[in-house]
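Peer 1: Pasting in a structure now, in structure tokens, and then I'll have a few things to ask.
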Amino acid sequence: MTHSNSLYGPTVTLEPTDLKRWTVQDYHRMSELGILTPLERTELLAGQITLMAAKGTLHVTALRLLAKGLDQLLAAQPVFVSTQDPMQLDDFSEPEPDLTIVRGTVLDYVDRHPRSSDIYLVVEVADSTLKQDCEIKDKLYAQSGIDDYWVLDLKNRQLHIFRNPTPRGYTSHLILTEPNQAAPLAFPSLALSLTDLLPPGS
């Protein structure tokens, strides 16, 4: 059975084998041709173009708190904090995580997006996307060798920390609650308080 939707047309469920996998090159070409517009925020995950969820005020506030905290802690390190910018995992995935800690300086990436080997930490802020962040994106990040992946769960006021990546996913999944602290794997002496990252009443 299909359900009509006046905006997008009929909704059907297809088998994965029936879907074309788009490459990062295809994805960029669609943008250049205007097929994908800036008003419709998308990312490429495992060859599929997905719509990104709208970001509410709590999401924006939490991301600002996290970016500010990490900027301060990492000021003396040869890295920079990037927010909501693309990174290329492989030929079929170019997500736009909420935050990354990237090796080097912004000028190192004038002609390419950061790749997995350039990334020390990936963070997704989840208000309505917890399932996707913890059950889909975690596998993509693990398969590409991201050593340290965090999901800041605003609704439950928790921090999910995924580590020890394998081709099947992460083998370590720790859930922190307040008032615990967390430090990036690559910078273990630089800890952030979970309470400082969560907007009051989130």
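Peer 1: Residues to consider are Gly47, Gly34, Gly56, Gly69; find the one that is in contact with a Lys or Arg (Cβ under 8 Å, 6 or more places away or on another chain), more than 19 Å from Tyr109 (Cα to Cα) and not aliphatic (A, V, I, L, M).
Peer 2: That would be Gly47, the only listed residue that is in contact with a Lys or Arg (Cβ under 8 Å, 6 or more places away or on another chain), more than 19 Å from Tyr109 (Cα to Cα) and not aliphatic (A, V, I, L, M).
Peer 1: Here are some residues: Leu121, Leu99, Leu107. Which one is hydrophobic (A, V, I, L, M, F, W, C), touching a strand residue (DSSP E or B) at 6+ places or on another chain (Cβ under 6 Å) and free of Cβ contacts under 8 Å to residues at least 40 places away in the same chain?
Peer 2: Result: Leu99 is the single residue among Leu121, Leu99, Leu107 that is hydrophobic (A, V, I, L, M, F, W, C), touching a strand residue (DSSP E or B) at 6+ places or on another chain (Cβ under 6 Å) and free of Cβ contacts under 8 Å to residues at least 40 places away in the same chain.
Peer 1: Ok, one more. Please enumerate the residues belonging to the stretch 100-149 that are of a type in the set (Phe, Trp, Tyr) and within 17 Å of Thr50 (Cβ to Cβ).
Peer 2: Tyr141, the sole residue that qualifies.
Peer 1: For the stretch 114-149: of the residues being over 11 Å from the mean Cα position of the chain (by Cα) and polar (S, T, N, Q), which is farthest from Gln77 (Cα to Cα)?
Peer 2: Ser128
Peer 1: What residue, among those in the stretch 102-154 that are in a helix (DSSP H, G or I) and of a type in the set (Phe, Trp, Tyr), is surrounded by the fewest Cβ atoms within 10 Å (Cβ to Cβ)?
Peer 2: Taking the candidates together, the pick is Tyr109.
Peer 1: Let me ask another. Please enumerate the residues belonging to the stretch 58-85 that are free of Cβ contacts under 8 Å to residues at least 60 places away in the same chain and β-branched (Val, Ile, Thr).
Peer 2: Result: Val60, Val79, Val81, Thr83.
Peer 1: Please work out which residue is farthest from Glu40 (Cα to Cα), limiting yourself to the stretch 74-94 and to residues that are assigned to a strand (DSSP E or B) and more than 15 Å from the chain's Cα centre (by Cα).
Peer 2: Val79
Peer 1: Do you know which of the residues in the stretch 95-113 that are within 9 Å of the chain's Cα centre (by Cα) and of a type outside the set (Asp, Glu) is nearest to Glu178 (Cα to Cα)?
Peer 2: So, considering only residues that are within 9 Å of the chain's Cα centre (by Cα) and of a type outside the set (Asp, Glu), the one nearest to Glu178 (Cα to Cα) is Leu99.
Peer 1: Now, a different point. Exactly one of these conditions fails for Leu174: (1) on the phi < 0 side of the Ramachandran plot; (2) in contact (Cβ under 8 Å) with a residue 24 or more places away in the chain. Give me its number.
Peer 2: The number of the failed condition is (2).
Peer 1: Can I ask one more? Check Leu198, Leu190 and return the single one that is modelled with pLDDT under 95, farther than 22 Å from Gly56 by Cα and surrounded by 13 or more Cβ atoms within 10 Å (Cβ to Cβ).
Peer 2: Leu190
Yes/no matrix, rows are residues, columns are (1) touching a strand residue (DSSP E or B) at 6+ places or on another chain (Cβ under 8 Å); (2) of a type in the set (Val, Ile, Thr); (3) assigned to a helix (DSSP H, G or I):
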| position | (1), (2), (3) |
| --- | --- |
| Trp22 | yes, no, no |
| Gln25 | no, no, yes |
| Gly34 | no, no, no |
| Glu40 | yes, no, no |
| Glu43 | yes, no, no |
| His59 | yes, no, yes |
| Leu63 | yes, no, yes |
| Gly69 | yes, no, yes |
| Gln72 | no, no, yes |
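Peer 1: OK, next. Being surrounded by fewer than 13 Cβ atoms within 10 Å (Cβ to Cβ), touching a Gly at 6+ places or on another chain (Cβ under 7 Å) and either modelled with pLDDT of 90 or more or under 23 Å from Ser117 (Cα atoms) (or both), is that true of even one residue in the stretch 82-97?
Peer 2: The answer is no; no qualifying residue exists.
Peer 1: Quick one: count up the residues across the stretch 24-62 that are over 21 Å from Asp153 (Cα atoms), surrounded by fewer than 16 Cβ atoms within 10 Å (Cβ to Cβ) and small (Gly, Ala, Ser).
Peer 2: Number satisfying all stated conditions: 2.
Peer 1: Let me ask something additional. Test of understanding: among Asn164, Asn180, which residue is farther than 23 Å from Asp71 by Cβ, modelled with pLDDT of 95 or more, surrounded by fewer than 16 Cβ atoms within 10 Å (Cβ to Cβ) and not hydroxyl-bearing (Ser, Thr, Tyr)?
Peer 2: Matching residue, one of Asn164, Asn180: Asn164.
The values are calculated or read from the model by the stated rules, or taken from the named source; none is laboratory data. Owing to the predicted nature of the structure, the values given are computational and were not obtained by experimental measurement. All Cβ positions, glycine included, derive from the backbone under ideal geometry; neighbour counts span all protein chains shown.
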